[in-house]
Amino acid sequence: MKNKAWLPNSVTIINLILGFYAIILIIQEQFVMAAFLIFLGMILDGIDGRLARKIAGDNPMGKELDSLADLISFGVTPALLIYQMHLIEYGVWGIIVAAAFPVCGAIRLARFNAFDSEVSSNYFTGFPITAGGGILISFVLAGATISSMIYIPIVLLVAFLMISTVKYPNFKRTTPFQTIFIIGFIGACLVLSLSNPSAMLMNMLVGYMCLGIGLRLVPIPKLAKLFYTS
């Protein structure tokens, strides 16, 4: 086939449709199902990226389409979900906090498309929007019972990390050390999730978020090299 870009683009469009339908479910107050659809979108986002790299090659339209879908599915929709569940009681301040999330997500995506997408590296600059949206919906899927007020710093922290220069390993090409780390990390998350299996996603994404923060706050060059090189 002359042009195989339709395949990853189709997966991206399905992701966008899931994000849109999740918004409808949020309006209908079906919050857990909406969070689950966003989770499915996260899986599709990983699939379309791999398909694009393997069969589509250089596909500028696919890159832009993917960013737009990500902004809806992992920026707007998770923020709306948390707003409707926890931030609506704070009036205009709740709106500002919720709006900060997709705004920072849009900046993160624009920066990636403008500067980072052409540079081959083993890390993301700033927390990926897919993981950021995933953290918000993971609290819903885990059935976390925490005060609504706690979601304000959570949303703002994740939003800030998306536009920060904190580096996060992408693990696209792993070294033996990184492979061992991933296995150990997943194993630790499984142990932490034994009492509540639905918290697995939350444990993994919060752990990944803390990894980047830890590597930034404790700048040990040899340790950073182990995570950021392949």
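Show me the three semi-axes of the equivalent ellipsoid for segment 110-230, from the C-alpha gyration tensor (sqrt of 5 times each eigenvalue), largest first, rounded to whole Å. Intermediate results must be reported in sequence, preceding the final value.
Working: eigenvalues 123, 75, 31 Å².
Each semi-axis is the square root of five times an eigenvalue, giving 25, 19, 12 Å.
Under 24 Å Cα to Cα from Lys63, which lysines show up? Leave out anything in the same chain fewer than 8 places away.
Lys2, Lys4, Lys54, Lys167, Lys172
By counting other Cβ atoms within 10 Å of each Cβ, how are Cys104, Cys189, Cys210 ranked from fewest to most?
Values: Cys104 25, Cys189 19, Cys210 11.
Ranked by crowding around the Cβ, least crowded first: Cys210, Cys189, Cys104.
Can you compute the helix-only [θ] at 222 nm over the chain? Use -39500 (n - 2.57) per DSSP H run of at least 4 residues, normalise by all residues, nearest 500 deg cm²/dmol.
Numbers: 10 runs with 150 residues, N = 230.
Helices in the chain give a 222 nm mean residue ellipticity of -21500 deg cm²/dmol.
Just report the Cα centroid separation between segment 190-230 and segment 41-72, whole Å.
25 Å
Which one of Val32, Phe177, Ala142 has its Cα pushed farthest toward the positive end of the charge dipole of the chain, where Lys and Arg give +1 and Asp and Glu give -1 at the Cβ?
With unit charges placed on the Cβ atoms, the residue in question is Phe177.
Whole-Hz Karplus ³J(HN,Hα) for segment 191-206, in order, using 6.51 cos²θ - 1.76 cosθ + 1.60 and θ = phi - 60°, x for Gly and Pro?
4, 5, 9, 4, 7, 8, x, 5, 8, 4, 4, 4, 4, 5, 6, 5
Can you list residues whose amide H is under 5 Å from Phe124's amide H, if they're 5+ apart or on another chain and H is modeled 1.01 Å from N?
The list, which skips near neighbours in sequence, is Tyr168, Asn170.
Let me test this: with uniform point scatterers at the alpha carbons of segment 1-150, what is the Debye-based log₁₀ I(q)/I(0) at q = 0.12 1/Å?
-0.51
The numbers here are math on the coordinates, done by the rules we state, and not lab data. What you see is a predicted model, and the numbers here were worked out from it, not measured in a lab. Because the Cβ atoms are built from the backbone with ideal geometry, glycine has one as well, and the counts that use them run over all protein chains shown.
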